[in-house]
Amino acid sequence: MSCIFCKIAKGEITSQKVYEDEHVLAFHDIAPQAPIHILIIPKKHYATILELEEKDKDLIGHIFMVANKIARDMQFHEQGFRVVVNCNRNGGQTVFHLHFHLFAGRLMHWPPG
Ligand code: 5GP
Ligand code: ZN
């Protein structure tokens, strides 16, 4: 398996970890697009959001609870933040292991580019 995020999840490639549990890892993005740019990934490999099934609903709910926890722990919850998932080419996805971008620390633009 040559997936870079699987390697990060297994600890084969180092990352700046923010949060970890049995199912999920959160770490700082290598090329941050905001003062705080964290990626939250399931440890299990899904190439895109399209591979999710009914049985994965709890995992996705858990990922949003992890985003909630990180925002509170890092004290940017009241100022606000954005959670983004890119899917396939038009979504701008470049790494094909499902990940949730967590952006904070500046005013976000709308609509996104
Ligand atoms: P996508 O464009 O697929 O939604 O987002 C992929 C993200 O992964 C990008 O923001 C990119 O900077 C980040 N990224 C790619 N390779 C690495 C890596 O090896 N380590 C970390 N921490 N982030 C990475
Ligand atoms: Zn993977």
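The values are calculated or read from the model by the stated rules, or taken from the named source; none is laboratory data. Worth saying up front: this structure is predicted, and the values here are computed from it rather than measured. Every residue, glycine among them, receives a Cβ derived from its backbone with ideal geometry; neighbour counts consider all protein chains shown. Heads up: the accessible areas ignore ligands, DNA and RNA and are worked out on the full protein's heavy atoms, side chains in. Shrake-Rupley method; radii C 1.70, N 1.55, O 1.52, S 1.80 Å.
Yes/no per residue for (1) basic (Lys, Arg); (2) within 10 Å of ligand 1 (Cβ to nearest atom):
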| residue | (1), (2) |
| --- | --- |
| Cys6 | no, no |
| Lys10 | yes, no |
| Gln16 | no, yes |
| Ile30 | no, yes |
| Glu53 | no, no |
| Leu59 | no, no |
| His62 | no, no |
| Met65 | no, no |
Could you figure out which of (1) open to solvent by less than 60 Å² (accessible area, probe 1.4 Å); (2) more than 23 Å from Gly92 (Cα to Cα) isn't true of Lys55?
(1)
Does segment 67-99 hold any residues that are in contact with a Pro (Cβ under 9 Å, 6 or more places away or on another chain), under 14 Å from Ile38 (Cα atoms) and within 16 Å of ligand 2 (Cβ to nearest atom), and which are they?
Leu98, His99
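With respect to Arg89, is the statement that it is in a strand (DSSP E or B) and open to solvent by 30 Å² or more (accessible area, probe 1.4 Å) true? Please lay out each step first, then the result.
Working: in a strand (DSSP E or B): no; open to solvent by 30 Å² or more (accessible area, probe 1.4 Å): yes.
Answer is no for this residue.
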The number of residues in segment 1-44 that are surrounded by 16 or more Cβ atoms within 10 Å (Cβ to Cβ), touching a residue at least 24 places away in the same chain (Cβ under 8 Å), within 16 Å of ligand 2 (Cβ to nearest atom) and not in a loop (DSSP other than H, G, I, E, B) is 10
